[in-house]
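Have a look at the structure below, then the notes.
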Amino acid sequence: MNSGLRILASVALASAVASVSYAQETSSNKVAEKTDWAVFVENDPKECWAVSVPKESVNTRQGRVVSVRRGEILFFVTYNPASGVNGQVSFTGGYPFSDKEPVDLNIDGKSYSMFAQGEWAWAAKGQDSDIIAAMKRGAKAVVTAKSARGTTTKDTFSLSGVTAAIEDAEKRCK
């Protein structure tokens, strides 16, 4: 992903997180629930996303489970026709990621490396469609990352309802 598109994606996704937070409180932007996934729509500019929260989060440091404070933990597939985003896979872990290690996304045993910047991680260039196809076939997705402070996090997401949510978000943003 070139730096200009990455910056645009960062701004769009940061806006999406703010919208998700607001929408969760007011339910005004939430347009559908599909089992463990929800669909949100923002109209100005038009942006649609399927999003889920983890079913389980485990935080470890030096091999021991630890309690840590994290912000929102969300797994997204985003559509933004104005900026050419058509099914972008991303994750926010609620803390700044280590800049020394990639974020690992594992879907039913198949791993994908995601690049991280700040509290966000995105699929590597050209992998979004492969990841989405795996998500639609899969049962769970596990995102493993390391914080800038050395804590390893492992967030497990159910993929129940993901196909319907992704297809709904895509249809709403055509």
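The values are calculated or read from the model by the stated rules, or taken from the named source; none is laboratory data. Everything numeric in this text was worked out from a predicted model, so none of it was measured. Here the Cβ positions follow ideal geometry from the backbone for every residue, glycine too, while neighbour counts run over all protein chains shown.
Assorted remarks:
- Search result, residues across the stretch 136-153 that are at pLDDT 95 or above and more than 17 Å from Ile73 (Cβ to Cβ): Lys136, Arg137, Gly138, Ala139
- Filter result for the condition that a residue is surrounded by fewer than 16 Cβ atoms within 10 Å (Cβ to Cβ), in contact with a strand residue (DSSP E or B) (Cβ under 7 Å, 6 or more places away or on another chain) and either at pLDDT below 95 or not polar (S, T, N, Q) (or both), over Lys110, Lys55: Lys55
- Identity of the residue in the stretch 123-138, in contact (Cβ under 8 Å) with a residue 40 or more places away in the chain and farther than 17 Å from Thr156 by Cα, that ends up surrounded by the most Cβ atoms within 10 Å (Cβ to Cβ): Asp128
- Positions within the stretch 141-174 being within 14 Å of the chain's Cα centre (by Cα) and in a loop (DSSP other than H, G, I, E, B), in sequence order: Leu159
- Pairs linking a residue in the stretch 160-174 that is closer than 18 Å to Lys140 by Cα to a residue that is part of a loop (DSSP other than H, G, I, E, B) and acidic (Asp, Glu), with Cβ atoms under 8 Å and 6 or more positions apart or on different chains, are Ser160/Asp36; Gly161/Asp36; Val162/Asp36.
- Strands (runs of 3 or more DSSP E) wholly inside the stretch 57-140 that include at least 1 residues being touching a Pro at 6+ places or on another chain (Cβ under 9 Å): 74-80, 110-117, 120-123
- Taken over the stretch 28-64, the criterion of being touching a residue at least 60 places away in the same chain (Cβ under 8 Å) and among the basic types (Lys, Arg) is satisfied by Lys34, Lys46, Lys55, Arg61.
- Residue check, Thr60 at pLDDT 95 or above and either closer than 16 Å to Phe115 by Cα or surrounded by 22 or more Cβ atoms within 10 Å (Cβ to Cβ) (or both): no
- Considered as a group, the residues in the stretch 80-91 that are over 11 Å from Ala145 (Cα atoms) and not polar (S, T, N, Q) include one that is surrounded by the most Cβ atoms within 10 Å (Cβ to Cβ), and that residue is Val89.
- Taken over the stretch 92-101, the criterion of being of a type outside the set (Gly, Ala, Ser) and crowded, with 17+ Cβ neighbours inside 10 Å is satisfied by Thr92, Tyr95, Phe97.
- Selection of the stretch 141-159 for residues being buried (at least 17 other Cβ atoms within 10 Å of the Cβ), in contact with a Phe, Trp or Tyr (Cβ under 9 Å, 6 or more places away or on another chain) and not aliphatic (A, V, I, L, M) yields Lys146, Ser147, Thr151, Thr153, Asp155, Phe157, Ser158.
- Meets criteria (at pLDDT below 95 and farther than 20 Å from Ala38 by Cβ) for Lys125: yes
- Residue within the stretch 65-79 that is farther than 11 Å from Thr152 by Cβ, surrounded by 13 or more Cβ atoms within 10 Å (Cβ to Cβ) and of a type in the set (S, T, N, Q) present: yes
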